[in-house]
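These notes are about the structure you will find just below.
The values are calculated or read from the model by the stated rules, or taken from the named source; none is laboratory data. No experiment lies behind these values; they were computed from the predicted model shown. For neighbour counting, all protein chains shown are included, and Cβ atoms are generated from backbone atoms with ideal geometry for every residue, glycine included.
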Ligand SMILES: Cc1cc2nc3c(=O)[nH]c(=O)nc-3n(C[C@H](O)[C@H](O)[C@H](O)COP(=O)(O)OP(=O)(O)OC[C@H]3O[C@@H](n4cnc5c(N)ncnc54)[C@H](O)[C@@H]3O)c2cc1C
Ligand SMILES: Nc1ncnc2c1ncn2[C@@H]1O[C@H](COP(=O)(O)O)[C@@H](O)[C@H]1O
């Protein structure tokens, strides 16, 4: 089977999420990559070094600069003429592009896979991860998004993929003009990215305000070299930005250590973090559901506990 | 201007899903079902756009006969008219998108607003598929929508922050949690909704083949995590963290 993996990148480097997708694709067959963007020679060179990669298709055009699904999907469809499976990370960009590809190929997408059981059979979470379904696809071609935390990351060195320019990117027509990219606000942070952080400290509604969130959660995270996450309640209340949200509809994380502070443990939150290796919960309510999944629990007032903990670490 | 909002009936988000012992799926007998929370947000947004030139909101649901309750809820919130496409078998996003395309071809809405994902199967596909089938622009995970007579500008929640895109109409939008807070239907509006029109259809009426492409071989519970130990105080927690090598 020949697979095509959509490479997520920021124009400069390959995003980590891609590496787990390569591992999933390698379980299906030969791995080819698609690097679509503008001025992406460096990205293509980096992608070609990923272990196990056969070919790297490069589509360099202004139309692909912002990964707009309207422009990328037809390109993928064209390349799928000689590939059997398309795989993308289950990131916001991957989730935006892949279903459009699937519809154009008349294929039912398999979202957010956790494992490859065989060429046509996969497992995936449903009901916020409260159930795991094994599904078999009857479609001739497969379109798949991959949950990053479920697969090892492929090594970034050791490969020697052949870089090949995509012959036709539609030229002047690559930009169908259906949507126009107007701008972005991407948070700059010195802290590790949530989806690749080894340790995460997350705060919930109990933090009470943006000031308290940052005054209490940030120093602890800094002490531990951790990424910072939040519950939906904390994000909705404006204590933390939206890209901090962990959960069914936020980010799916599985760090070595997840520290949940003042988070009750609703199923939608657990959906995003319950595969963490060690879960630590700090909550004043000893019956909070978070304690049912926590390896280490401390019952008490976070406003007393956090300063003391940060100080003693 | 006309807006189409597809709404799905799903297990209420407050109910803990129980996997059936025979491994065929999640038990939906005698449990509370509600409108998919993202679809409530989609309906709410359509209603708010009534100040911006929207004159008619059509809601549609594909599913078992009981999905009419979900449609009535949307009508009580403020939608004008409903279409129910009855299928007692589960219809996958690809089938749903094809049915929605058939409705769009007939109704010619300027905008289709969907939820970003249905919280039962967590697919997150239908809106993107519909936009692909229609060959129109798509703005997924919307946290802000600005509508004019010819364009819609959408702020989208993405992994690192947010992005803004401008689409020409007609277009497809899928909504995220922070777009708005859906209203509750008032009692008078619930009464009024009873007399709003609801068409009853089947997939065959639209000539769409909704045969599933995926077969669910089994559904199991995820590996269980068991609660661990409680520590007495910060000192004990620090000691444990040091023992784990997390802290020095
Ligand atoms: C469709 C849908 C999708 C959702 N997706 C997500 C998602 O992706 N992520 C997510 O997180 N949620 C999500 N939610 C929301 C989820 O259902 C919960 O509402 C949310 O997770 C609650 O956040 P919380 O635990 O911070 O707040 P609460 O539930 O209010 O919990 C606060 C906790 O803090 C404790 N506390 C209070 N004061 C103190 C103190 N001084 N010291 C210590 N502890 C204290 C309390 O005992 C309580 O347990 C979603 C909901 C819906 C409907
Ligand atoms: N059976 C259905 N009937 C009506 N709308 C649906 C149906 N399935 C999905 N949708 C719409 O598509 C969105 C995304 O669903 P999904 O792709 O299944 O996660 C939902 O939030 C609904 O707006």
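Just a few scattered comments:
- Residues that are within 11 Å of chain A (Cβ to nearest Cβ) and touching a helix residue (DSSP H, G or I) at 6+ places or on another chain (Cβ under 9 Å) within region B:140-154 comprise B:140, B:141, B:143, B:146, listed in sequence order.
- Residue satisfying condition, being under 17 Å from the mean Cα position of the chain (by Cα), buried (at least 16 other Cβ atoms within 10 Å of the Cβ) and either free of Cβ contacts under 8 Å to residues at least 40 places away in the same chain or closer than 30 Å to residue A:4 by Cα (or both), within set A:161, A:250: A:250
- In summary, residue A:218 fulfils each of the numbered conditions (1) more than 12 Å from chain B (Cβ to nearest Cβ); (2) touching a helix residue (DSSP H, G or I) at 6+ places or on another chain (Cβ under 9 Å) with the single exception of condition (2).
- Residues in region A:247-260 that are more than 8 Å from chain B (Cβ to nearest Cβ) and more than 7 Å from ligand 1 (Cβ to nearest atom): A:252, A:253, A:254, A:255, A:258, A:259, A:260.
- Out of B:43, B:59, sole residue that is within 16 Å of ligand 1 (Cβ to nearest atom), more than 14 Å from chain A (Cβ to nearest Cβ) and either under 14 Å from the mean Cα position of the chain (by Cα) or without any contact (Cβ under 8 Å) to a residue 40 or more places away in the chain (or both): B:43
- Residue match in region B:221-228 (condition: more than 24 Å from residue B:25 (Cα to Cα) and either in a loop (DSSP other than H, G, I, E, B) or touching a helix residue (DSSP H, G or I) at 6+ places or on another chain (Cβ under 6 Å) (or both)): yes
- Identity of the residue in region B:229-248, at the interface with chain A (Cβ under 7 Å from one of its Cβ atoms) and assigned to a loop (DSSP other than H, G, I, E, B), that ends up modelled with the lowest pLDDT: B:247
- In a residue-by-residue description of region A:119-127, the property of being on the phi > 0 side of the Ramachandran plot, buried (at least 24 other Cβ atoms within 10 Å of the Cβ) and either assigned by TED's automatic domain parsing to the domain that holds residue A:154 or not in a strand (DSSP E or B) (or both) applies to at least one position.
- Among the residues making up region B:121-155, those that are more than 8 Å from ligand 2 (Cβ to nearest atom) and either farther than 18 Å from residue A:70 by Cα or in a loop (DSSP other than H, G, I, E, B) (or both) are B:135, B:136, B:143, B:144, B:145, B:146, B:147, B:148, B:149, B:150.
- All conditions but one from (1) at negative phi; (2) within 16 Å of ligand 2 (Cβ to nearest atom); (3) more than 8 Å from every other protein chain (Cβ to nearest Cβ) apply to residue A:268; the one that does not is (3).
- Filter pass, residue B:74 being more than 14 Å from chain A (Cβ to nearest Cβ), part of a helix (DSSP H, G or I), away from ligand 1 (no atom under 16 Å from the Cβ) and surrounded by 22 or more Cβ atoms within 10 Å (Cβ to Cβ): yes
- Residues that are buried (at least 18 other Cβ atoms within 10 Å of the Cβ), more than 10 Å from ligand 2 (Cβ to nearest atom) and in a loop (DSSP other than H, G, I, E, B) do occur in region B:48-59, at least one of them.
- For the residues A:291, A:303, the requirement of being in contact (Cβ under 8 Å) with a residue 40 or more places away in the chain and outside any loop (DSSP other than H, G, I, E, B) singles out A:303.
- Cβ-Cβ under 6 Å pairs, at least 6 apart or on other chains, region A:34-50 side in the same structural domain as residue A:86 (by TED's automatic domain parsing), far side surrounded by fewer than 20 Cβ atoms within 10 Å (Cβ to Cβ) and in a helix (DSSP H, G or I): A:38/A:62
- Lone qualifier among A:89, A:74 - being buried (at least 23 other Cβ atoms within 10 Å of the Cβ) and either in contact (Cβ under 8 Å) with a residue 60 or more places away in the chain or in contact with a strand residue (DSSP E or B) (Cβ under 6 Å, 6 or more places away or on another chain) (or both): A:89
- Test: residue B:201 is in contact with a strand residue (DSSP E or B) (Cβ under 9 Å, 6 or more places away or on another chain) and within 8 Å of another protein chain (Cβ to nearest Cβ): no
- Tally, over region B:163-193, of residues that are in contact with a helix residue (DSSP H, G or I) (Cβ under 7 Å, 6 or more places away or on another chain), over 14 Å from residue B:47 (Cβ atoms) and either away from chain A (no Cβ under 11 Å) or not in a helix (DSSP H, G or I) (or both): 3
- Residue B:118 more than 20 Å from residue B:205 (Cβ to Cβ) and either within 14 Å of chain A (Cβ to nearest Cβ) or modelled with pLDDT under 95 (or both): yes
- Residues of region B:1-38 that are more than 27 Å from residue A:289 (Cα to Cα) and within 13 Å of ligand 2 (Cβ to nearest atom): B:3, B:4, B:5, B:6, B:7, B:8.
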